[in-house]
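For reference, the structure is listed below as structure tokens.
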Ligand SMILES: Cc1cc2nc3c(=O)[nH]c(=O)nc-3n(C[C@H](O)[C@H](O)[C@H](O)COP(=O)(O)O)c2cc1C
């Protein structure tokens, strides 16, 4: 049942319009930082969760894919429901009138991060992020660089003050990852928590008793 702000029950097309107001539609940006696999895993998990994904990938991301994975760009694009060209400023995600649940940039380079913070956006990826911010929708930036200089840190603070969530991909060892795949899934699963999307891959402290036991794999490297 749909109810309006005054508590009245709404029927028919008006009710449908209200349902459409919170679409399960997510923008995924993949920039040219290390860790493009995070974006891939997000696309796969969101597809399984029935979320409509809109992908925008920077030109350098395509290069990074070649260095870090065996995936062809066409295979990555095939994971998204809709692909948007990085230079296509007339694309749907360039406008706030196109409703989404928000955007995740995974991974987010220092270059794209800085553009988003400045508002001087030269690509569709950074323009879409700017739109998500101005519409007060959820923007999560999986920023990837290390070490960080003061300019990077100040930019992250500015973005956080603007409403973005800075979520660097930092592995949680308490989740007892057995391989890289486990680490990636836990990290992107925690990012999806920020959108109330639970795809069942996060081992949760306080809910999973096995997490509190000592890990044999970590004992192996102890002195
Ligand atoms: C293999 C590879 C790894 C890179 N890793 C990072 C990184 O972790 N963080 C970063 O900010 N830039 C990284 N870069 C540099 C960015 O790709 C570069 O700054 C680029 O201009 C980013 O543009 P984009 O944000 O439009 O993708 C990397 C480049 C390559 C080729």
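Remarks
- Restricting the range 119-147 to residues that are in a helix (DSSP H, G or I) and away from the ligand (no atom under 13 Å from the Cβ), the residue that is nearest to residue 90 (Cα to Cα): 131
- Screening the candidates 48, 81 for the property of being farther than 21 Å from residue 184 by Cα and surrounded by fewer than 22 Cβ atoms within 10 Å (Cβ to Cβ) yields one hit, 81.
- Subset tally (residues that are assigned to a loop (DSSP other than H, G, I, E, B) and on the phi < 0 side of the Ramachandran plot) for the range 19-75: 15
- Some residue of the range 103-113 being away from the ligand (no atom under 13 Å from the Cβ), at pLDDT 95 or above and either out of contact with any helix residue (DSSP H, G or I) (no Cβ under 7 Å at 6 or more places or on another chain) or over 13 Å from residue 33 (Cβ atoms) (or both): yes
- Checking 141, 159 one by one, the residue that is within 26 Å of residue 50 (Cβ to Cβ), surrounded by 15 or more Cβ atoms within 10 Å (Cβ to Cβ) and in contact with a helix residue (DSSP H, G or I) (Cβ under 8 Å, 6 or more places away or on another chain) is 141 and no other.
- Among the residues of the range 131-162, those identified as out of contact with any strand residue (DSSP E or B) (no Cβ under 7 Å at 6 or more places or on another chain) and within 22 Å of residue 28 (Cβ to Cβ) are 131, 134, 135, 136, 145, 155, 162.
The values are calculated or read from the model by the stated rules, or taken from the named source; none is laboratory data. Quick caveat, the model's predicted, so the values are computed rather than measured. Note that each Cβ is placed from the backbone with ideal geometry, even for glycine, and that neighbours are counted across all protein chains shown.
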